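The structure appears below as structure tokens.
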Amino acid sequence: MPWILACDSAQLQVGTMRRLELADEEIALYHLADGFFATSDTCTHARASLSEGSLRDCIVECPLHGGQFDARTGKAVKFPCVTALQTFATREKDGAVWVEIE
Ligand code: FES
């Protein structure tokens, strides 16, 4: 599966996230204390952009209705979100972050 360059590692501080369009996928890329993680950026409850919400530790909160997901696993952890987000593998190499898009 192709690995796509997402950004320079230094562009995303720990505790922050950003929205990216990679290979026609809308991705939320998170820099957590234990590394980089990526999920679909679109909330599974409706069509809100999670990267416009808030991030606390590993939990991303949707800006529209306050549902929450674990950014590491994509698992929905707070109602009204019940369906997991799609997740994408990431890796950091030579100061850059890569995301695997199938
Ligand atoms: S659209 Fe995300 S919680 Fe409703």
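Rule-based calculations on the coordinates, nothing more; no lab input. Because the structure is predicted, anything quoted here is derived from the model rather than measured. Note: ideal-geometry Cβ built from the backbone for every residue, glycine included; neighbour counts use all protein chains shown.
So what is the relative contact order for the chain, in percent, with contacts set as C-alpha pairs under 8 Å and at least six apart?
Details: 235 pairs, mean separation 29.6, N = 102.
Relative contact order comes out at 29 percent.
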Original post:
What are the residues whose amide H is under 5 Å from the amide H of ALA71, where those residues sit 5 or more places off or on another chain and H is modelled from the backbone?
Top reply: ILE59, VAL60
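Once you have the alpha carbon radius of gyration of the chain, what is it after dividing by 2.2 N^0.38 Å, with N set to its residue count?
Values: Rg = 12.5 Å, N = 102, 2.2 N^0.38 = 12.8 Å.
Computed over Cα atoms of the chain, the ratio equals 0.98.
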**OP:** Starting from the amide H of ALA96, placed 1.01 Å from N in the peptide plane, find each other amide H under 5 Å away whose residue is 5 or more places distant or on another chain.
**Re:** SER9
Original post:
Most exposed first by the Cβ proxy, i.e. fewest other Cβ within 10 Å, how do SER49, SER40 rank?
Top reply: SER49, SER40
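Which of THR39, THR83, THR90 comes first, and how do the rest follow, when ranked by fewest Cβ neighbours within 10 Å? Could you put the intermediate results ahead of the total?
Working: THR39 25, THR83 12, THR90 19.
Ordered from fewest to most neighbouring Cβ atoms within 10 Å, THR39, THR83, THR90 come out as THR83, THR90, THR39.
So, counting K/R as plus one and D/E as minus one, what does the shell of residues with Cβ under 11 Å around ALA33 add up to? Working shown, then result.
Details: positive: ARG72; negative: ASP34, ASP57.
Counting the neighbours of ALA33, the net charge comes to -1.
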Original post:
Residues in segment 73-102 near a label at GLN11, defined as backbone nitrogen under 17 Å from the 7 Å Cα→Cβ point?
Top reply: 90-101
Original post:
Can you tell which of VAL99, THR44, LEU20 lies farthest toward the positive end of the dipole of the chain, using +1 and -1 charges on the Cβ of basic and acidic side chains (Lys, Arg; Asp, Glu)?
Top reply: THR44
Original post:
Given R₀ = 35 Å, FRET efficiency for ALA89-HIS65 by Cβ-Cβ distance, to 0.05?
Top reply: 0.75
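Let's see if you can work this out: charge +1 on each Lys and Arg Cβ, -1 on each Asp and Glu Cβ, no other charges. What is the dipole magnitude of the chain about its Cα centre, in debye to the nearest 20?
Values: 9 positive and 15 negative charges, 69 e Å.
My answer is approximately 340 debye.
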